[in-house]
Amino acid sequence: MTLKLENVQVSIQAAPILRGVSLEVGTGERMGLIGRNGAGKTTVMRTITGLANMASGKVFWNGEDISAMPPRERARLGFGYMPEDRRLVPDLTVEENMLLPAWVNDAIDGQKGLEFVYDLMPELSKMAPRKSLLLSGGQQKMVALGRALIAGRRLLLLDEPFEGVAPALAMRISEVITSLKSEGLSVLIAQSELSHSRELLQRESVIERGEIVAVNVMDRSLLEKT
Ligand SMILES: Nc1ncnc2c1ncn2[C@@H]1O[C@H](COP(=O)(O)OP(=O)(O)OP(=O)(O)O)[C@@H](O)[C@H]1O
């Protein structure tokens, strides 16, 4: 399952935000999208989920042109998105927050998703009945990651998953993301700095002012294959 963006242009209120972005994430690959605040990382994520309108360019999933596909249907393909601001509903429990994508999209099997997530992150099952407002910022990130995984069983889009997270929890999040490879899940991780994810990433695309300026290979075994 390969994700491919081809020459994507996005403008917001006539201002060019993405200026010809092309990138590819392979099956089971963990790719970084690295750039400063305002470089366009979130807009790339929103383009992939279908939430941002492209002026031109194409998005392909496994060779199929999905550029015109609405966000609901992309969730059905197995795309999951963890936005930068966690967007948990404070009055709902941890479990209810994770079930939100399934409540709004009946193509998503919430119970099956929960089983998968609790298996992967048993700490979330312990927290399940707690109101989200009682959690630390890092715990909320964990819940947001769990929620993204309810739908995101093929492609996971993580926007700043380590931002504001204490080191121990950041290591745990990193461990969970690494373990997804065995599920064949592709992961795109947007970050403004690399401190938590150098070992986690196999490649990184560097974005500056809406353009990809470099693609770096960090996983030596990938270099040997090419
Ligand atoms: N709705 C909007 N209206 C106006 N400008 C916007 C809007 N959304 C994004 N932008 C602008 O587009 C540019 C890219 O924003 P984007 O959020 O994609 O960057 P980013 O790399 O994710 O940075 P950050 O981590 O700060 O969110 C920024 O200059 C931002 O100000």
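Results, tabulated for the structure shown:
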item: Boolean, residue 157 is surrounded by 15 or more Cβ atoms within 10 Å (Cβ to Cβ), touching a residue at least 40 places away in the same chain (Cβ under 8 Å), closer than 19 Å to residue 30 by Cα and in contact with a Phe, Trp or Tyr (Cβ under 8 Å, 6 or more places away or on another chain); result: yes
item: Candidates 112, 131 - the one that is in contact (Cβ under 8 Å) with a residue 12 or more places away in the chain, over 21 Å from residue 46 (Cβ atoms) and among the charged types (D, E, K, R); result: 131
item: Qualifying position, being within 16 Å of the ligand (Cβ to nearest atom) and either touching a helix residue (DSSP H, G or I) at 6+ places or on another chain (Cβ under 9 Å) or polar (S, T, N, Q) (or both), among 145, 124, 157; result: 157
item: Count - residues of segment 10-36 that are buried (at least 22 other Cβ atoms within 10 Å of the Cβ), away from the ligand (no atom under 16 Å from the Cβ) and of a type outside the set (Val, Ile, Thr); result: 1
item: Positions within segment 164-194 being within 16 Å of the ligand (Cβ to nearest atom), surrounded by fewer than 18 Cβ atoms within 10 Å (Cβ to Cβ) and within 19 Å of residue 205 (Cβ to Cβ), in sequence order; result: 192, 193, 194
item: Some residue of segment 73-94 being under 26 Å from residue 7 (Cβ atoms), surrounded by fewer than 19 Cβ atoms within 10 Å (Cβ to Cβ), more than 16 Å from the ligand (Cβ to nearest atom) and among the polar types (S, T, N, Q); result: no
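All of the numbers you see were taken from the coordinates with simple rules; none came from a lab. In this text the structure is predicted, and so the values were computed from the model without any measurement. Don't worry about glycine lacking a Cβ; one is built from the backbone with ideal geometry, like all the others, and counts go over all protein chains shown.
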